[in-house]
Amino acid sequence: MAQIISMATPETRHKPNILITGSPGTGKSTLAQQVAEKLGFEFIEISKEVRENNLQGEFDEQYNCHVLDEDKLLDHISDRMDSDDGGIVVDYHGCDLFPERWFDVVVVLRCATEKLYDRLQSRGYSEFKIKENVECEIFGTLLEEAKESYKEEIVHELQSETPDQMEENLDRICKWAAAFKNSGGQEPQSDEMDQ
Ligand SMILES: Nc1ncnc2c1ncn2[C@@H]1O[C@H](COP(=O)(O)OP(=O)(O)O)[C@@H](O)[C@H]1O
């Protein structure tokens, strides 16, 4: 008998699942870690999950890195993401690969290109890789991807250039998560998010 795993939805989830996305270098893992710590949520740093569980696909010479095997990744995290418990913060520089039902809020971090350039340079990226990622930020690729993949009202674009903004972003996401629990799983309107 196949085991039927119930797939949680925003209506059935006890605590919200939060996706923090954005171009590389915009501050996703720093913020996601802080959100998970402050809320006592589980933190899934996708790039770390992929490395530690050998979820890569073939090697891409041009980008000098392995290509993600999306099916392997989704299989690997689906039990946790489909659980009614919720309370998971996911950090990844992509968002259209995940099932829409997995997330109750999608945060897209933005950063001015000059700052982004410096951050990626200090990370030791090649000029080619820096250029690719800065262009992705200029075109707002991740924001477009998020808006195409999730309901507009759960997608929130946050600036992530200064420590103060990091603080504000942490505070806003935690307020919203608290509101989600009190509202019994209904998503508050976006203005509640923007308080
Ligand atoms: N709001 C912010 N203000 C200042 N520095 C930041 C901010 N967010 C991230 N950073 C810095 O930018 C760098 C990249 O952050 P990181 O979280 O690794 O980005 P990502 O996970 O999106 O690649 C780190 O050195 C981090 O300290």
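The values are calculated or read from the model by the stated rules, or taken from the named source; none is laboratory data. Values in this document were obtained by computation on a predicted structure and should not be read as measured data. No Cβ is skipped: glycine too gets one built from the backbone with ideal geometry, and neighbour counts run over all protein chains shown. All accessible areas refer to the heavy atoms of the entire protein, side chains included, with ligands and DNA or RNA removed. Shrake-Rupley method; radii C 1.70, N 1.55, O 1.52, S 1.80 Å.
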(request) Please name all residue pairs, on different chains or six or more residues apart, with Cβ atoms under 6 Å, provided the first residue is in segment 110-130 and is modelled with pLDDT of 95 or more and acidic (Asp, Glu) and the second residue is near the ligand (Cβ under 9 Å from one of its atoms) and open to solvent by 40 Å² or more (accessible area, probe 1.4 Å). (result) none
(request) Kindly indicate the residue of segment 155-168 that is polar (S, T, N, Q) and open to solvent by 30 Å² or more (accessible area, probe 1.4 Å) and also farthest from the ligand (Cβ to nearest atom) among those meeting that condition. (result) Gln159
(request) Could you grab the pairs with beta carbons closer than 7 Å, sequence gap of 6+ or different chains, first residue in segment 152-181 and free of Cβ contacts under 8 Å to residues at least 24 places away in the same chain, second one among the acidic types (Asp, Glu) and more than 9 Å from the ligand (Cβ to nearest atom)? (result) Ala179/Glu192
(request) Select from segment 125-154 the residues that are outside any helix (DSSP H, G or I), of a type outside the set (D, E, K, R), open to solvent by 20 Å² or more (accessible area, probe 1.4 Å) and away from the ligand (no atom under 12 Å from the Cβ) and list them in ascending order. (result) Ser126, Phe139
